[in-house]
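Report on the following structure.
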Amino acid sequence: MNFSIPVYTKPDFEKEPLKSSPDARLETVTQPGTAPENYHATTIFPEYVRIGGKWRLLKESRMDCVIVLEKDNSLSVKEFRNLKIGDLVVVGRSEDGSDGIYVHTTGFKTHDPSVKQDAFAFRTGRSRETSFSLDYDRLYELLKYEKKNGYIVWVLGPAVSFDHDSRQAMVSLIEKGYVHAMLAGNALAVHDLEAALFRTALGQDIYHQTPVGKGHYHHIDTINKARKYASLKEFVGKEKIQTGIVQACLKKDIPLVLAGSIRDDGPLPGVYADVYQAQDAMREHTRKATTLICLATQLHTIAAGNMTPSYHVHGDTVRPVFIYTVDISEFVVNKLKDRGSLSATSIVTNIQDFLVQVNRNVR
């Protein structure tokens, strides 16, 4: 299968009604962190705003934010909490151009006339009965392309580190250059480091999955030992940890953003305890992402997916962002679509099989 980036088709602004659309209206922020009434909320799709008689594409976006015309005349997309007094916010609820705002949902859609579709068809959704062979083939070719041409962000749940084979496959993908940034929680790092120190995760042997005597101490022993150090880098170095996902990220200088949770033990040094600081750190990478792959973590997947747009702008080129969500639960893989990230491809499988399969098919 030869991979190529889908071609983006721009809207024709020389045709009505877009040709006669008014400029977007702007209103000033009068209270920090609060948008004016009738603000326009952004989507994941390419959005154009008419300013000074010209249609301008947002260079980056994310769901449920607002558009601000900056003092240098650039357009930025801001979370409500980051609005400052005096910011000029785009207002208007119409997305068809009548308010000077146009949301372009069909820029990457193509129609193959050779594919015949009936009005009724079986298995149009994604479930355990779905065949994912073509999805895997496309993903292999996508990763090979993105390794050199894109920015691949992985979102990992702790289950990735529970199994010897999935953990080793993830390490191999990092070492081969298929990971440009990683987003996870405290638990992923804890159990990965627990595996390095004790060969267990949650007290079970990571290969045999059998409980180990006093194994329930291992994850908190790991945290307690790590908290003696100022950083994970110092911990890994001083304790001579030479295996695992955290070690591989540090060795390859891969950004590893660990967001804290109300249920965390410890946490490890370097974990963001402030949720908004964690969001900002994640956003630094989702705004650059050209491929986002989310594995076995429902809430982290929704969080990352909702702050990742469906497109990426590089110079004059507009290309799609590919989002994959992988979980053994049909509910989880379909949840991201329910939350508005309609461009996500979902695969129902266990994480061990997925990672081993992907790692075997990319070099």
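All of the numbers you see were taken from the coordinates with simple rules; none came from a lab. None of the values given here were measured: they were computed from a predicted structure. Heads up, the Cβs are rebuilt from the backbone with ideal geometry, glycines too, and the neighbour counts pull from every protein chain shown.
Antiparallel DSSP bridges in the chain: what percent, to the nearest 5? Don't jump to the answer; show the numbers that get you there.
On the way: 27 of 51 bridges.
Rounded to the nearest five, the antiparallel share is 55 percent.
I need to check one value: relative contact order of the range 133-361, counting alpha carbon pairs closer than 8 Å and at least 6 residues apart, in percent. Working shown, then result.
Values: 416 pairs, mean separation 52.3, N = 229.
Relative CO of the range 133-361 lands at 23 percent.
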If each K or R counts +1 and each D or E counts -1, the residues other than residue 95 whose Cβ falls under 15 Å of its Cβ total -1
Under 17 Å from a point placed 7 Å out from the Cα of residue 263 along the Cα-to-Cβ direction: which residues of the range 157-182 have their backbone N that close? 157-162
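How high is the relative contact order of the range 205-323, given as a whole-number percent (alpha carbon pairs under 8 Å, six or more residues apart)? Don't skip to the answer; put the middle values down first.
Details: 100 pairs, mean separation 20.9, N = 119.
18 percent.
Do the alpha carbons of any pairs in 109/335; 147/335; 176/335 sit beyond 25 Å of each other, and which pairs? Let's see the in-between values first.
Details: 109/335 23 Å; 147/335 28 Å; 176/335 31 Å.
Table pairs above 25 Å Cα-Cα are 147/335; 176/335.
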Computed lengthening from residue 231 to residue 144, 0.36 nm per intervening residue step minus Cα-Cα distance: 28.1 nm
Which far-off residues, 5 or more places away or on another chain, put their amide H under 5 Å from the one on residue 325, with H placed in the peptide plane? 294, 345, 346, 347
Restricting to aspartates and glutamates and to Cα separations under 15 Å from residue 214, and discarding same-chain partners fewer than 8 apart, the set is 194, 205
³J(HN,Hα), Karplus 6.51/-1.76/1.60, whole Hz, each residue of the range 296-307, x for Gly, Pro: 6, 7, 5, 6, 5, 5, 4, 4, 5, x, 6, 9
³J(HN,Hα) computed for each position of the range 51-65 - Karplus, 6.51 cos²θ - 1.76 cosθ + 1.60, integer Hz, glycine/proline x: 10, x, x, 10, 7, 10, 7, 5, 6, 8, 8, 6, 5, 6, 10
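Please work out the FRET efficiency for the pair residue 316 and residue 72, using the Cβ-Cβ distance as r and a Förster radius of 22 Å; give the result to the nearest 0.05.
On the way: r = 20 Å, r/R0 = 0.91.
The calculated FRET efficiency here is 0.65.
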Out of 346, 133, 231, any idea which swings most in a Gaussian network model of the chain, alpha carbons joined below 10 Å? 133
Which whole-Hz ³J(HN,Hα) couplings does the range 308-323 yield from phi under the Karplus relation 6.51 cos²θ - 1.76 cosθ + 1.60, θ = phi - 60°, glycine and proline marked x? 10, x, 8, 9, 9, 9, 10, x, 8, 9, 10, 10, x, 9, 9, 10
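Quick check on packing: order 312-319, 183-190 by the mean number of other C-beta atoms within 10 Å, highest mean leading.
Ranking, from highest mean packing down: 183-190, 312-319.
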Among the lysines, which have Cα under 30 Å from the Cα of residue 84 when same-chain residues fewer than 8 positions away are ignored? 54, 59, 71, 288
Working out 0.36 nm times the residue gap between residue 80 and residue 353, then minus their Cα-Cα distance, what length gain in nm do you get to one decimal? 94.3 nm
How high is the relative contact order of the range 146-260, in percent, counting Cα pairs under 8 Å that sit 6 or more residues apart? 31 percent
If I fit a long axis through the Cα atoms of helix 186-198 and take the longest principal axis of the Cα atoms of the chain, what angle between them do I get, 0 to 90°, rounded to 10? 20 degrees
Measure off 7 Å from each Cα along the Cα-to-Cβ vector at residue 136 and residue 14, then give the distance between these two points in nanometres to one decimal. 4.8 nm
